[in-house]
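The values are calculated or read from the model by the stated rules, or taken from the named source; none is laboratory data. Note that the structure is a prediction, hence the values are computed from the model and not measured. SASA here: full protein model, heavy atoms, side chains in, ligands and nucleic acids out. Shrake-Rupley method; radii C 1.70, N 1.55, O 1.52, S 1.80 Å.
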Amino acid sequence: MFRGISSLNLDDKGRLAIPTRYRDELQDCCERQLVVTVAVNELCVGEAGCLWLYPLPEWGKLEQTISKLPTLNKMAGKLRRFLIGNASECEMDAQGRLLLPEKLRRFANMEKKIVLVGQLNKFEIWNEDAWTAKEAEWLAGEDNDGLEELGTLSF
């Protein structure tokens, strides 16, 4: 399970260094094989400034779930196109670096400063400015969509 936030920098080649606290777990769970793709929001549209990074076994579970969606459903098709169509396999090297494909870096407007956010079974990779803006939006607390579904949640 991945948790926590790390501020990172992309190098000149578009690589990020996975924090050391995750490297052994990524070696154990997926032999450093990962999949990066665009993040999508609740409307199945690309989330500006964000990518998702999955260990290969977790990605396989997601692909199985998506493959069972109806092929003629408009939202399912949009989801497949964004997630699967933009997915790229990548391998963490011996120094813990991961090359983000140029197309995905452009999509998320990632040039230098990024934020890696653990999300249990995956990571979110955010452009630092997009993360800061989204965090401010969440803190403003004006969007209550889906709140009723969390009614039984206890901490």
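Things to note:
- Whichever lysines have a C-alpha closer than 30 Å to that of residue 74, once near sequence neighbours (fewer than 8 apart) are set aside: 61, 103, 122, 134
- Value at 222 nm in deg cm²/dmol, rounded to 500, when DSSP H runs of n ≥ 4 in the chain each add -39,500 (n - 2.57): -10000 deg cm²/dmol
- For region 93-111 and region 20-50, distance of Cα centres in Å: 11
- Cα-based equivalent ellipsoid, region 1-56: semi-axes from gyration tensor eigenvalues, Å: 21, 15, 11
- 3J(HN,Hα) from dihedral phi, region 48-55, Karplus parametrisation 6.51/-1.76/1.60, rounded to Hz, x for glycine, proline: 4, x, 9, 10, 10, 10, 10, x
- Interatomic Cα distance distribution for region 76-119, bins of 10 angstrom, percent: 21, 48, 28, 3
- Per residue, the chain exposes an accessible area of 62 Å² to a 1.4 Å probe, with every protein chain left in place.
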